[in-house]
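S.K.: Below is one structure. I have some questions about it.
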Amino acid sequence: MTVFTRVDPRLGEFALRALDPDADAPLLHGWVTHPKAAFWLMQDADVARVAEEYRRIAEHPHHDAFLGLHRGRPAFLAERYDPAHVELVGLHDARPGDVGMHFLCAPADSPVHGFTRAVITTVMAWLFADPATHRVVVEPDVRNTAVHALNAAVGFEVVGTITKPEKDALLSICTRERFLAATGVPAPDAATGAPTHEGATA
């Protein structure tokens with residue numbers, strides 16, 4: 001079931017649906033073990049481990065995962081979490097309204113210019129569609145310079161470097177106001193679920 005839809009003026013419709021850990025695991029396995037997904041830290045995982053990981057997320061009260069679609073086809077993965085309880089406990093001064101986020105684009109044989117930026121814009125618009133979300137928090141690996149640039153493009157501000165068990169991370173925060181100023185993309189009407197349409201390329 002689709003939980004969010006956004007129409008990008010150049011690349012068309014993006015949507016998110018709840019992830020099915022068992023049914024989607026074979027597809028996700030190809031994504032998370034691809035060399036370009038090295039920072040996802042699942043390079044050696046088999047399908048069973050991928051399914052187990054996303055079952056664990058599905059059962060967690062403060063963490064969930066969604067499959068992203070582009071024009072109806074699976075194209076990206078998004079995770080949402082509460083940084084007061086997951087990933088950043090003791091490393092981030094969490095406030096009410098903070099939401100953590102991860103995203104991963106599927107590997108593509110023929111990359112489309114601007115696609116990854118359209119994906120992160122969609123994910124951010126989805127998170128801010130919830131009026132309870134005030135800030136989005138991310139913690140990418142300090143070496144992941146491509147994601148740092150994308151984060152900056154949609155309004156994230158670097159807070160500083162933190163040390164996690166699996167990586168040194170660049171803690172960054174984006175407010176609703178910074179996202180709107182950076183992208184011009186307003187949050188959709190969360191009450192009606194109306195799709196987001198923009199007049200300018202995000």
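Values quoted throughout were computed directly from the atomic coordinates according to the rules given, and no laboratory measurement underlies them. Given the structure is predicted, the values throughout are model-derived calculations rather than measurements. Every residue, glycine among them, receives a Cβ derived from its backbone with ideal geometry; neighbour counts consider all protein chains shown.
S.K.: Below 12 angstrom from the Cβ of P21, what's the summed charge of the other residues (Lys, Arg +1; Asp, Glu -1)?
M.R.: -4
S.K.: Order of W40, W126 from fewest to most other C-beta atoms within 10 Å?
M.R.: W40, W126
S.K.: Provide the gained length on full extension for the span R71 to V3, in nm with one decimal, where the gain is 0.36 nm per separating residue minus the Cα-Cα distance.
M.R.: 23.0 nm
S.K.: If you don't mind, there's one more thing I want to ask. When the chain is fully extended, how far beyond the present Cα-Cα distance does A23 get from E59, taking 0.36 nm per residue of separation?
M.R.: Going from the current span to full extension adds 11.4 nm.
S.K.: Another question, then. Could you calculate the contour length gain from S110 to H85, that is, 0.36 nm times the residue separation minus the distance between their Cα atoms, to one decimal place in nm? Working shown, then result.
M.R.: On the way: separation 25, 0.36 × 25 = 9.00 nm, distance 3.82 nm.
Between S110 and H85, full extension yields an extra 5.2 nm.
S.K.: A further question follows. Where does the chain land at 222 nm, in deg cm²/dmol rounded to the nearest 500, when only DSSP H runs of n ≥ 4 count, each adding -39500 (n - 2.57), divided by all residues?
M.R.: Mean residue ellipticity, 222 nm, calculated: -8500 deg cm²/dmol.
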